[in-house]
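Here, each number is a calculation from the coordinates, and none is a lab measurement. The model shown is predicted, which means the values in this text are computed figures rather than measured ones. Cβ placement follows ideal geometry from the backbone for every residue including glycine, while neighbour counts extend to all protein chains displayed.
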Amino acid sequence: MSDDNRVIKVHIFGEEYPIRSEFDDPHEAEEFRLHVLEVARYVDQKMHEMAGRSANRSPKNVAILVALNVTDELLKLRKDNEDKLSEISHQADSLIERLDEKLMSVSSGSQ
């Protein structure tokens with residue numbers, strides 16, 4: 001794959017950024033390209049939203065505020081996922097206990 005095909009150009013907050021892909025497989029490269037474009041659109045959208053709400057609209061300050069907000073979103077999602085996984089694990093343990101009890105009562109009743 002040529003170097004030109006490995007570079008994905010994205011536009012964020014009026015600037016162009018080249019992102020290099022290291023994938024040789026065309027399918028993986030295309031998946032990566034689509035993912036990078038989606039990420040760039042999300043960051044660009046957040047940058048424009050933040051610039052509209054912020055008094056100091058320098059790109060650096062907007063980027064830092066966006067990084068803080070996106071990190072907050074990420075950490076909240078991680079916490080939610082951890083809580084859900086913990087609840088699922090607890091429910092699974094409870095079901096296993098109930099199944100074990102049933103199996104024990106069935107096997108002791110058949111002797």
(Q) Can you list residue pairs whose Cβ atoms sit under 7 Å apart, with the first residue in region 23-45 being within 29 Å of residue 62 (Cβ to Cβ) and without any contact (Cβ under 8 Å) to a residue 40 or more places away in the chain and the second being polar (S, T, N, Q) and not in a helix (DSSP H, G or I)? Count only pairs 6 or more apart in sequence or on different chains. (A) 32/21; 33/21
Q: Look through region 52-111, keep the residues that are hydroxyl-bearing (Ser, Thr, Tyr) and loosely packed, with under 10 Cβ neighbours inside 10 Å, and return whichever of them is nearest to residue 42 (Cα to Cα).
A: 107
Q: Please specify each residue of region 12-42 satisfying the condition of being of a type in the set (Ser, Thr, Tyr) and out of contact with any Lys or Arg (no Cβ under 6 Å at 6 or more places or on another chain).
A: 17, 42
Q. In region 23-38, is there at least one residue being surrounded by 10 or more Cβ atoms within 10 Å (Cβ to Cβ), β-branched (Val, Ile, Thr) and either touching a Gly at 6+ places or on another chain (Cβ under 9 Å) or under 30 Å from residue 5 (Cα atoms) (or both)?
A. yes
Q) Do we find that residue 58 is of a type in the set (Ser, Thr, Tyr), more than 23 Å from the chain's Cα centre (by Cα) and over 29 Å from residue 16 (Cβ atoms) in this structure? A) no
